[in-house]
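Undergrad: Can you keep this structure in mind? I'll have questions shortly.
The values are calculated or read from the model by the stated rules, or taken from the named source; none is laboratory data. Please read all numbers here as calculations on a predicted model, not as lab measurements. Positions of Cβ are backbone-derived with ideal geometry, glycine not excepted, and every protein chain shown enters the neighbour counts. Please note that ligands, DNA and RNA were not included when accessible areas were found on the heavy atoms of the full protein model with its side chains. Shrake-Rupley method; radii C 1.70, N 1.55, O 1.52, S 1.80 Å.
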Amino acid sequence: MNEGITIEKLKKPFITEAGFRFNEPDVAYKTWGSLNKEKNNVILICHALTGHAAADEWFPGIFGSGRVCDPAKNFILCINVPGSPYGSVGPWSENPDSGRPYKSSFPEITVRDMVRFQQQLLDQLGITGIELVLGGSLGGMQALEFSIMDDRIESAALIAMGKSHSPWAIGISHAQRQAIFTDPKWNNGNYDKNDGPAKGLAAARMMAMITYRTPSDYEKKFSRGLQGDSDQFQVESYLNYQGKKLADRFDAHSYITLTEAMDSHDVSRDRGSFQEVLGQIQSPVKVIGIESDHLYPTHEQKELAKLLKNAEYKEIKSSYGHDAFLIEFEQINDIIKPFIKEKQTLSY
Ligand SMILES: N[C@@H](CCO)C(=O)O
């Protein structure tokens, strides 16, 4: 995962919406291709909850010749969000005031903070234009906020999310956070980095994995089959495996910070009505739903596309559910690629 990742400091202080100040925080990012002279051939990929800057690892099918992200044509960039455990400033970064990790004192981060953090790096790199910003789930929320907050954005592809985080999605996040808090090793956030609430984090991931998939996907994969010679259902073994896998690579503080950031998502907050806010976006947008998504059902993307002035709704046909944005690459390319061409025809 660390291969090709750059970690540098933001040269200006990063101040969150709530007023917390980070002086020169670390920012981790990865790039592919070359920046043109005008510094405007940029495709910006925004990552989801447990993602990281190495987008070629979790979005592999959209990279390459003839695909959305062709490094021979574009300068492609993915920036790790603050609060994540993957290189940008996060709960385990050193608090310069105490010389110790922030842990529970790491501040609230909103989706808008994630955008402003990335804007500071884009400014530092001298980026003048962003041909396309795209992302799924939390990545889509950032891409939508980018379309509102950054006039460098020329087009956007928003996958599997909506205009705000629904009570359904907030409820699911809340239940997951409770699983972490209930693990005695959470200890009010005072745990050692290598001895955290792994069981709580794994349980949170298991709940999440159910919302990322569908009954028919599980039926097809596992049926009521038992795991080997054991009396455990295959689906139980699968969820145990997925839970442990996340607990081994992620962190409970980050999980809480980033799920709360997702809950903050509401483009109308302190701005006016959804109609007013979304009606102001001039750039063309593809809003992409997944027909089997139970977490962010397609009515959310259809509604978003209607509220935007210059948007088209497209649907990924898949039985995988929400995680189809990490699986159905051919359809994602088919939907977004012609859009890039249309846009290029318009701009050049
Ligand atoms: N599966 C994705 C979250 C889906 O929104 C992740 O682990 O980041």
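Undergrad: For Thr128 and His294, FRET efficiency with R0 = 41 Å and r from the beta-carbon atoms, rounded to 0.05? List each step's numbers first, then the result.
TA: Values: r = 40 Å, r/R0 = 0.98.
So, using R0 = 41 Å, E works out to roughly 0.55.
Undergrad: FRET efficiency for Glu17 and Ser65, Cβ-Cβ distance as r, R0 = 41 Å, nearest 0.05?
TA: The pair Glu17/Ser65 has a calculated efficiency of 0.55.
Undergrad: Place +1 on the Cβ of every Lys and Arg and -1 on the Cβ of every Asp and Glu in the chain, take the dipole about the Cα centre, and give the residue among Trp58, Ala305, Gly321 whose Cα lies farthest towards its positive end.
TA: Of the listed residues, the answer is Ala305.
Undergrad: Let me ask you something else. Would you mind counting up the charge near Asp251? Only other residues with Cβ under 11 Å from its Cβ, with Lys and Arg at +1 and Asp and Glu at -1.
TA: Local net charge: +2.
Undergrad: Here's a follow-up. Which value, in debye to the nearest 20, gives the size of the charge dipole of the chain about its Cα centre, when Lys and Arg are +1 and Asp and Glu are -1 at the Cβ? It would help to have the intermediate numbers written out before the result.
TA: On the way: 38 positive and 45 negative charges, 59 e Å.
For this selection, approximately 280 debye.
Undergrad: Here is a follow-up. For the range 259-264, what does the Karplus curve 6.51 cos²θ - 1.76 cosθ + 1.60, with θ = phi - 60°, yield as ³J(HN,Hα) per residue in whole Hz, taken in order and with x for Gly and Pro?
TA: With the stated coefficients, the range 259-264 comes to 5, 5, 4, 4, 5, 6 Hz.
Undergrad: Looking only at the chain, where both bridge partners belong to it, what percent of the DSSP beta bridges are antiparallel (to the nearest 5)? Mind dumping the intermediate values first?
TA: Numbers: 15 of 40 bridges.
If we restrict to bridges inside the chain, about 40 percent are antiparallel.
Undergrad: What does the net charge come to around Leu125 if you take all other residues with beta carbon closer than 12 Å to its beta carbon, with K and R at +1 and D and E at -1?
TA: +1
Undergrad: Next question. Give the total of Lys-Lys pairs in the range 169-262 with Cα-Cα distances below 17 Å; include a pair only if its members are 8 or more places apart or on different chains. Intermediate results must be reported in sequence, preceding the final value.
TA: Working: Lys185/Lys193; Lys185/Lys199; Lys185/Lys244; Lys193/Lys244; Lys193/Lys245; Lys199/Lys244; Lys199/Lys245.
The result is 7.
Undergrad: Same structure, new question: Using only the Cα atoms of the range 169-262, construct the convex hull and provide its projected area averaged over every direction, in square nanometres to one decimal.
TA: Over every viewing direction, the Cα hull of the range 169-262 projects on average to 6.7 nm².
Undergrad: While we're on this one: Take every Cα-Cα pair in the chain and report what % of them are more than 37 Å apart.
TA: On the way: 9537 of 60378 pairs.
The proportion of pairs with Cα distances above 37 Å equals 16 percent.
Undergrad: Moving on. Tell me the carbon and sulfur percent of the accessible area for the chain, rounded to whole percent, probe radius 1.4 Å.
TA: 49 percent
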